[in-house]
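I have placed the structure first, in the form of structure tokens, so that the comments after it can refer back to it.
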């Protein structure tokens, strides 16, 4: 990379259609669509206001690829460029219908006076030239991407370097490049790779996959680090760092169980809430999947709490005794309630269910123990 001796006019710069900060449905889109997304999600008005007050900071050059047909793609500094595209009302801003909130005194002369018409640029020879800088800055550095953007970028780096990896392996190579470690790169690769596999190969519900990717990726990443979720979905989660083995693990997952777990992260049509709504419950959810009775109860009652209770209680006898204590306490407390026909009916239904349970348990007793 080298800094250009002359600044580059804003009108010759383009937003990066492959910017890792963009969700997948925006990547590769038009300049106006990318600008609209950045405007809606990256608080550009504050940056615009800062530029109109302070001008452009020369110490923060944009990083671009070499020009093609007289234009440069900005690979670092897209938020800054987006703000300036709006200020200058360039074609992308006009097409998206975005204007600055503060329109007074935004003449070409004023923008030139503030140094907002031509920008300092550092040119990278190619994407590989800038990869180490971007990776360290946004994976391990101060300006970090969100979890999904990091994983998507790391996935692409691993795929691009798999055939030229050193003896230490591609996960080690990429980790060293971005200031991380091989295991962390592998975890992100697997998490993102599973979602790609679910969408592109298994053809699972695209809305579910998209929702988990954009809204719950951090929770998804944590789930894959639990004791039971990888095993449950058929991910042979041996601590290997060999690229070929990791790819085989991803491609060998159980489609139905993967769909089940992804659905648990997605709001259900009936309740509008996901089964696993609180990220703090990932460990308990993992324990539920490891217990068949707990998992079936969670499914039947659409309640993670029910599954957790069963998973924690373990054997049947302690669970029944705990229920008995609860009923004993409720019996002592009945006088606090206003009792009507509904309460009497509910108590009778409970008693009938308890008698049925007792009969079922007795019937399951082995003949030798009768």
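Quick one: order 154, 114, 330, 13 by neighbouring beta-carbon count within 10 Å, fewest to most.
Ranked by crowding around the Cβ, least crowded first: 330, 114, 13, 154.
What fraction of the DSSP beta bridges in the chain is antiparallel, stated in percent and rounded to the nearest 5?
Percentage antiparallel, nearest 5: 55.
Give the calculated FRET efficiency between residue 12 and residue 255 to the nearest 0.05, with a Förster radius of 56 Å applied to their Cβ-Cβ distance.
Computed FRET efficiency for residue 12 and residue 255 comes out at 0.75.
Please check which bits of region 167-191 a label hung off residue 248 would reach, taking the label as a point 7 Å along Cα-to-C-beta and the cut-off as backbone N under 12 Å.
Label zone hits: none.
Report, to the nearest 10°, how far helix 292-301 tilts away from the longest principal axis of the Cα atoms in the chain, using its own Cα long axis and a range of 0 to 90°.
So the inclination is approximately 80 degrees.
Using only Cα atoms, tell me the angle between helix 182-200 and the longest principal axis of the chain; keep it within 0 to 90° and round to the nearest 10.
Orientation of helix 182-200: about 80 degrees from the principal axis.
What spacing in nm lies between the two simple spin-label points modelled at residue 163 and residue 334, each 7 Å away from Cα in the Cβ direction?
Using points 7 Å along Cα→Cβ, the separation is 7.8 nm.
With springs only between Cα atoms under 10 Å apart, run a GNM on the chain and tell me which of 14, 125, 287 wobbles the most.
125
Would you mind classifying region 268-370 by shape? Square roots of the alpha carbon gyration tensor eigenvalues, ordered a ≥ b ≥ c; an a/c under 1.5 is rounded, otherwise it is prolate if a/b is larger than b/c and oblate if not.
Judged from the Cα gyration tensor, region 268-370 comes out oblate (a/c at least 1.5, b/c at or above a/b).
Compute the long axis of helix 78-88 from its Cα atoms, compare it with the longest principal axis of the Cα atoms of the chain, and write down the angle in degrees, 0 to 90, nearest 10.
That helix lies at roughly 60 degrees to the long axis.
Quick check for you: which residues of region 44-60 have the amide N under 15 Å from the point 7 Å beyond the Cα of residue 101 toward its beta carbon?
Once the point is set 7 Å along Cα→Cβ of residue 101, 44-53 turn out to lie under 15 Å by backbone N, inside region 44-60.
Under 17 Å from a label point 7 Å along Cα→Cβ of residue 146: give me every residue in region 66-80 with its amide N that close.
79
Treat each spin label as a single point 7 Å out from the Cα along the C-beta direction, and report the residue 108 to residue 273 distance in nm.
Between residue 108 and residue 273, the label points sit 5.9 nm apart.
At 7 Å along the Cα-to-beta-carbon direction for both residue 341 and residue 200, put a label point, then send me their distance in nm to one decimal.
It is 6.4 nm.
Per the Kirkwood definition applied to all pairs of different Cα atoms, how many angstroms is the hydrodynamic radius of region 195-281?
13.5 Å
Bear in mind these aren't lab numbers, they're just calculated from the coordinates by the rules spelled out. What you see is a predicted model, and the numbers here were worked out from it, not measured in a lab. Neighbour counts run over all protein chains shown; Cβ positions are idealised from the backbone, glycine included.
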